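The values are calculated or read from the model by the stated rules, or taken from the named source; none is laboratory data. The model shown is predicted, which means the values in this text are computed figures rather than measured ones. Because the Cβ atoms are built from the backbone with ideal geometry, glycine has one as well, and the counts that use them run over all protein chains shown.
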Amino acid sequence: MTAEAGDLRARQPKAIHSALTVLEEVARCGAGVTARQVSDNLGLPRATAYRLLNLLVQDEYLVRMPDLRGFALGRKVVELAQLVAPARPPEAVRTVLTDLRARIRGGVHLVRYDREGPRIIDPDPDFPPTGASGGAPLRTSAMGRLLLAERTLPDGRHTGDPAYTDPLTATAAAEAGAELRSLGFARQFDAFSAGSGCLAVPIRDRDGTLVAGLCLAAPTARIEQPGDHLLLLQQAALTLAPLLA
Amino acid sequence: MSATGMSALERAIVDPQPVAGIEARSPVDGLNRRSVGFLDVLAQSVSAVAPSAAATTMPLLVAMVAGGATVWALLAAMLLALLVATTVNQFTRRIAATGSLYTFVAHGLGTTASFVTGVALLVGYGFVAMFALGGAGYYLAIVASRFWPALAGTVLVPVLLIVLMAAGCLYLLVRGIRVSTRATLLVECASVVIILGLVVALLVMQGPSLDWSVLNLAGAEPADFAVGAAIALTAFVGFESSATLGVEARRPYATIPRAVTWTVIGSGLLYLLAAFSQLVGFASVGGSITGSSSPVNDLSAAYGVDALGLLLDGGIAASFLACAIASITALVRVLFSMGREGLVTSAFGRSHPRHRTPYFAILVTVPVLTAALIGTILLAGGVWPAMQILIVGAAGGYITAYILTCVAAPVFLWRIGELTLWPLVRAAAATVLLSAVLVVYIGVEATSTRSAGVWVFLAVLAAGTAYAAVRHRRRPWLRNVVGIYDVPVTGDVLGTMGLEDRAAP
């Protein structure tokens, strides 16, 4: 409907961000959370929170519970899943990966970086990733450390959000930053299973921004001395860059 | 972003948690749920207001009391109607129901106030339906007498036309909500186009030398202005009627508030334009609008476009017919809600298995209204006098229901913990102004030739409320069921898919 498109333009992306924050809060609190709770939890002004909630009910991303006070996620949020769930990478990318996996012993995973952090968009079918996806902190995985390193300046300051001020994360970020500058990749040992580790090679767009990463999961010895494997990974990263950027 | 990697929203989508308390069927199940779009919802509200019929008659009625302040009185009425509309929308954004204001008040003020509102609303919809059906018959009879002069002067012709149209309404209403809203949309669009064409033609003929002095407030008494605004408000009543489509509308929390607001704005602008053009038109031919019994027809004749009068009469008849269909649509849905709750016999809560319409309420309502209309016509001695009486009663019913809704809105918002300052201020202002309008209106009409309308309205309101009170005493559990509305069902809520089999009847 044209009116909706008009609303979207008029209220600008900030409103969209607030709306997603409200959705996230309802998801976090679970079905039955009231408008006042959402407003208090997010520190939003009452009138703003109520208006956002009612707009989300209008568009059916939220539903009002039968008691008229509580809210729950509507079936329509599944449509958002297309935005949050990783899309299957293009065939050109998958061909490169298949070729790479045939020449490397170990798990080769393709990771994409966006506002939400790293996300494995093409896991190795023969060696499924262990714990690096999902709930693990960024500082434990190679793909997470690559992101931390990327956001750490040489003097140790970071450009990320306040989550990086956690001391463990800050230490890991500085360490990973140094590794990235000297080795050209990020790595971890023994984080998810003893005796094995992982390295993550950056894939950058033309401006040098980190858009994706190629991860190799293998025994600790091979991660310490990647040798020819590193060359293969770096070549593949160059091939993939224009396909993913 | 936090280091958890996955947001709560993503987790909820990937792995929905079960939500308790969601049933597979809504208590107002049986209607064609989520089947009509914004245009149909808008058509319902617009048709119930019948803007083209009001645009031709209302400037005259307002001018008779407000004189030079006519346009300003209409503007004041439009602003008050907007105030009421935004307050009604506090409910329509949160509750999807078929009982409209009757259901809304139940959630703010409880059962007793809800009964009074329900009866007032039934009076409003019922009397307007009769008024509009009578008006359609009246204007069609005028059209017929242009072709066959022998038909003029007899009351039999409009009565026969009324019976025929009532049968048509009955068929359309049972046949399905989509069929009836589409029919009214078509009819209403045609009549608005005709009236707009006439208004523009009138203004164009005036040329650049428009007589702006008609907007001059000098000489207008504040009391006359108030009475004029009160009468002008009656040209807006019905704008809330799309709220009865809460179950049948798609995205009801978005489409209904929008339809309610835009109906007020659209018809208000049409009235302002029509009033201005008629006043200017009369000023330039040296006459006065108040000296005319049918201003637009007289103006057409004065400007030598008599044929337009025929088109206009046809357009007004069409607008009245659409108004009758829309008002009965709303009326039967309020009855449907009352039937489901047990306030009236439960047969009213039956829906047609195939067409998914409240067919029992329709089958009872249409003949009763038609018979009552014909009775009124015979008693009042003509179609026009009968219409005058009916419209007074209808306005009283609507405004009473609006007042109770405006009182209920802040209480409801407070109950669900969503009360903020501006809705409270708007509701309070609307309550005070509407109460003043009701007192002024009843006072003016009680001393007019239409006083019968005031007494009939008060009598029906009292009788209906007494009936509801008796019914309530015999069935104390009504306290807990009155106010049913459409609740989310398993298909609407994330995390209820797996429960569907268990909850199915």
Pairs, please: C-beta under 6 Å, at least 6 apart or cross-chain, first residue more than 11 Å from A:LEU80 (Cα to Cα) and crowded, with 19+ Cβ neighbours inside 10 Å and in region B:1-13, second among the acidic types (Asp, Glu) and modelled with pLDDT of 50 or more? B:SER7/A:GLU24
Return the only residue of B:ALA235, B:ALA283, B:ALA324 being touching a residue at least 24 places away in the same chain (Cβ under 8 Å), buried (at least 23 other Cβ atoms within 10 Å of the Cβ) and either of a type in the set (Phe, Trp, Tyr) or assigned to a helix (DSSP H, G or I) (or both). B:ALA324
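What about B:GLN44, is it under 23 Å from B:SER327 (Cβ atoms) and more than 9 Å from every other protein chain (Cβ to nearest Cβ)?
For B:GLN44, the condition - under 23 Å from B:SER327 (Cβ atoms) and more than 9 Å from every other protein chain (Cβ to nearest Cβ) - is met.
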Which members of region A:114-129 meet the condition of being within 14 Å of chain B (Cβ to nearest Cβ) and either more than 16 Å from A:LEU214 (Cβ to Cβ) or modelled with pLDDT of 85 or more (or both)? A:ASP114, A:ARG115, A:GLU116, A:GLY117
A:ASN41 fails exactly one of the following numbered conditions: (1) more than 10 Å from chain B (Cβ to nearest Cβ); (2) out of contact with any Cys (no Cβ under 8 Å at 6 or more places or on another chain); (3) free of Cβ contacts under 8 Å to residues at least 24 places away in the same chain. What is the number of that condition? (2)
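With the requirement that a residue be under 28 Å from the mean Cα position of the chain (by Cα) and either in a loop (DSSP other than H, G, I, E, B) or closer than 16 Å to B:ILE416 by Cα (or both), what does region A:38-51 give you?
A:VAL38, A:SER39, A:ASP40, A:GLY43, A:LEU44, A:ALA49
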Within region B:14-37, does at least one residue satisfy the condition of being more than 24 Å from the chain's Cα centre (by Cα), in a helix (DSSP H, G or I) and within 14 Å of chain A (Cβ to nearest Cβ)? yes
Between residues in region B:36-52 that are on the phi > 0 side of the Ramachandran plot and residues that are of a type in the set (A, V, I, L, M, F, W, C) and crowded, with 23+ Cβ neighbours inside 10 Å, which pairs lie under 6 Å by C-beta distance while being six or more apart or on different chains? B:ALA50/B:CYS323
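Do you know which of the residues in region A:26-36 that are buried (at least 18 other Cβ atoms within 10 Å of the Cβ) and not small (Gly, Ala, Ser) is nearest to the other protein chains (Cβ to nearest Cβ)?
Filtering region A:26-36 for residues that are buried (at least 18 other Cβ atoms within 10 Å of the Cβ) and not small (Gly, Ala, Ser), the one nearest to the other protein chains (Cβ to nearest Cβ) comes out as A:THR34.
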Somewhere in region B:104-113, is a residue at pLDDT 90 or above, more than 14 Å from chain A (Cβ to nearest Cβ) and over 30 Å from B:LEU413 (Cβ atoms)? no
So A:ALA85, is it at pLDDT below 95 and either within 18 Å of B:PRO16 (Cβ to Cβ) or within 7 Å of chain B (Cβ to nearest Cβ) (or both): yes
Checked pairs for region A:49-60, first more than 7 Å from every other protein chain (Cβ to nearest Cβ), second assigned to a helix (DSSP H, G or I) and among the polar types (S, T, N, Q), C-beta under 6 Å and 6 or more apart or across chains, list as A:ALA49/A:SER39; A:LEU52/A:SER18
Within region A:95-111, is even one residue modelled with pLDDT of 85 or more and within 14 Å of another protein chain (Cβ to nearest Cβ)? yes
Suppose the filter is surrounded by 23 or more Cβ atoms within 10 Å (Cβ to Cβ), within 21 Å of B:THR181 (Cβ to Cβ) and more than 14 Å from chain A (Cβ to nearest Cβ); does B:VAL332 pass it? yes
Looking at region B:64-84, is at least one residue part of a loop (DSSP other than H, G, I, E, B) and touching a Leu at 6+ places or on another chain (Cβ under 6 Å)? no
When region B:364-403 is checked residue by residue, the ones that are farther than 24 Å from B:VAL157 by Cα and of a type in the set (A, V, I, L, M) are B:VAL364, B:VAL392, B:ALA394, B:ALA395, B:ILE399, B:ALA401, B:ILE403
Give A:GLU25, A:GLU79 a once-over and let me know the one that is under 19 Å from B:ILE13 (Cα atoms) and modelled with pLDDT of 90 or more. A:GLU25
When every residue in region B:418-458 that is within 14 Å of chain A (Cβ to nearest Cβ) and in a loop (DSSP other than H, G, I, E, B) is compared, the one surrounded by the most Cβ atoms within 10 Å (Cβ to Cβ) is B:GLU418
(1) in a helix (DSSP H, G or I); (2) away from chain B (no Cβ under 14 Å); (3) modelled with pLDDT of 90 or more: which one isn't true of A:PRO13, the others all being true? (3)
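Just to check your reading of the model, which residue among B:GLY30, B:GLY68, B:GLY21 is out of contact with any helix residue (DSSP H, G or I) (no Cβ under 6 Å at 6 or more places or on another chain), closer than 30 Å to B:THR449 by Cβ and not hydrophobic (A, V, I, L, M, F, W, C)? Before the answer, list the steps.
Working: B:GLY30 fails: closer than 30 Å to B:THR449 by Cβ; B:GLY21 fails: closer than 30 Å to B:THR449 by Cβ.
Criteria check complete, one pass: B:GLY68.
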If you check B:GLY126, B:GLY176, which single one turns out to be under 20 Å from the mean Cα position of the chain (by Cα), among the small types (Gly, Ala, Ser) and within 16 Å of B:LEU331 (Cβ to Cβ)? B:GLY126
Among the residues listed as B:ALA275, B:ALA232, the single one being over 30 Å from A:TYR61 (Cβ atoms), of a type in the set (Gly, Ala, Ser) and more than 20 Å from the chain's Cα centre (by Cα): B:ALA275
Looking at B:SER242, B:SER277, which is the one that is in a helix (DSSP H, G or I), among the polar types (S, T, N, Q), in contact with a strand residue (DSSP E or B) (Cβ under 8 Å, 6 or more places away or on another chain) and away from every other protein chain (no Cβ under 14 Å)? B:SER242
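Away from every other protein chain (no Cβ under 14 Å), part of a loop (DSSP other than H, G, I, E, B) and not hydroxyl-bearing (Ser, Thr, Tyr): which single residue out of B:GLY118, B:GLY153 fits that description?
B:GLY153
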Quick check: anything in region B:54-75 more than 27 Å from B:VAL200 (Cβ to Cβ) and either within 14 Å of chain A (Cβ to nearest Cβ) or in contact with a strand residue (DSSP E or B) (Cβ under 8 Å, 6 or more places away or on another chain) (or both)? no
I'm trying to understand the selection: among the residues of region A:228-245, which are under 13 Å from A:GLY184 (Cα atoms) and either in a loop (DSSP other than H, G, I, E, B) or touching a Leu at 6+ places or on another chain (Cβ under 7 Å) (or both)? A:LEU233, A:ALA237
